[in-house]
1. If residue 166 meets every condition in (1) in a loop (DSSP other than H, G, I, E, B); (2) of a type in the set (Val, Ile, Thr); (3) surrounded by fewer than 17 Cβ atoms within 10 Å (Cβ to Cβ) apart from one, which number is that one?
2. In the stretch 190-203, is there at least one residue being more than 11 Å from the ligand (Cβ to nearest atom) and part of a strand (DSSP E or B)?
3. Can you name the residue in the stretch 278-302 that is within 9 Å of the ligand (Cβ to nearest atom) and more than 20 Å from residue 119 (Cα to Cα) and, of all such residues, is surrounded by the fewest Cβ atoms within 10 Å (Cβ to Cβ)?
4. Show the residue pairs that are 6+ apart or on different chains and have beta-carbon atoms under 9 Å apart, the first residue being within the stretch 16-39 and at positive phi, the second being modelled with pLDDT under 95 and within 16 Å of the ligand (Cβ to nearest atom).
5. Hey, does the stretch 211-230 have a residue that's without any contact (Cβ under 8 Å) to a residue 40 or more places away in the chain, part of a helix (DSSP H, G or I), within 12 Å of the ligand (Cβ to nearest atom) and under 29 Å from residue 30 (Cβ atoms)?
6. Just checking, how many residues over the stretch 125-165 are more than 14 Å from the chain's Cα centre (by Cα) and not aliphatic (A, V, I, L, M)?
7. Could you figure out which of (1) touching a helix residue (DSSP H, G or I) at 6+ places or on another chain (Cβ under 8 Å); (2) within 22 Å of residue 120 (Cα to Cα); (3) within 13 Å of the ligand (Cβ to nearest atom) isn't true of residue 262?
8. Any chance you could count how many residues in the stretch 265-277 are surrounded by fewer than 20 Cβ atoms within 10 Å (Cβ to Cβ) and within 8 Å of the ligand (Cβ to nearest atom)?
Amino acid sequence: MVKQLILDKIKEYETIIIHRHVRPDADALGSQCGLKEIIRLSFPTKKVYAVGEEDPALHFFARMDNVNDEIYNDALVIICDTANTGRISDERYKLGKEIIKIDHHPNNDPYGDIMWVDTSASSTSEMIYDFFKFEEKKELQFNGQIARLIYGGIVGDTGRFLFPSTSDKTFRYAAELIEYPFDRTKLYNGLYSVGDNIARLRGYVLQNFTLSPNGMSSIKLTKEILDKHKVEPIDTGKLVGTLGDIENIKAWVFFIEEDDVIRVRVRSKGPVINDLAAKFNGGGHPLAAGASVKTWEEAKRFITDLEEICANHIETAH
Ligand code: AMP
């Protein structure tokens, strides 16, 4: 069984370096650092590191370690929450002796010596809690600090238990996790409170989104608009859900202009959108995906394709 194989590997190695995807979100950090702390607590003599670029907005949640290249020589590398190698934060993952993939995205890019992919899991953090629970000898330890990371990851990827990926298991795990001591209110504030600049940009989004008869919605956040609101592209993660509650929207897309690329963040209430994202250098889940385009012309083509997907979805739904 794959969880046992992973545990055996963890026991075998003295040095373990854990990676996750670029532009980290709560699930990426929660699974990465939750696993790190489980290993550290359970096997105190092992050297365990979490690496990758940081997002200052998530400093409150988890911080990264600095690791020299030489440390990789005899290391086991575990990569959490990252479907494809192109999105792994910190390319040095290749320097490790063996690689383990732990993820809940569709396995379009199988990589690693051991793979544990469970697309039925709400989040990779939920899988890490699964990993802790599977082991019956109670060698693996858990505490409030880890519960906070895992709970935060689950909350982040389920949109606070809203998205259909939230299962009965997710709720059971959440109930167990909140029995550990950690400050849930502080965690929610850290994850969801926004600065007035983001709030005003949210106002702009609500004033300016398009909505087609097929239920396709889009919004362009140009550099000019972002600068005017003093919002960095990385902070737009807190805006993408804004259109989710609006009646008749089936799928929606945010285009966020960065220095050399236009970032695409796409969400859906039914039509499958990750195949479309894959066509535009991206990927993700059936109802939440990301991609990138180079020009506004290409963005237009993305909109046309999304429109078609929404139109077809209406046809099949009736
Ligand atoms: P985001 O809009 O960044 O929150 O991403 C939504 C989902 O799509 C997440 O599960 C990401 O892991 C995935 N995703 C975002 N961008 C990409 C990309 N360029 N390639 C593959 N998956 C992506």
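The values are calculated or read from the model by the stated rules, or taken from the named source; none is laboratory data. Keep in mind that what you see is a predicted model, and the values were worked out from it rather than measured. Cβ: placed from backbone, ideal geometry, glycine included. Neighbour counts: every protein chain shown.
1. (3)
2. No: the stretch 190-203 contains no residue that is more than 11 Å from the ligand (Cβ to nearest atom) and part of a strand (DSSP E or B).
3. Applying the filter and picking the extreme gives 281.
4. Taking only residues 6 or more apart or on different chains, the pairs are 23/55; 23/234; 23/237.
5. No: zero hits.
6. Number of matching residues: 19.
7. All conditions pass for residue 262, except number (2).
8. Counting residues in the stretch 265-277 that are surrounded by fewer than 20 Cβ atoms within 10 Å (Cβ to Cβ) and within 8 Å of the ligand (Cβ to nearest atom) gives 0.
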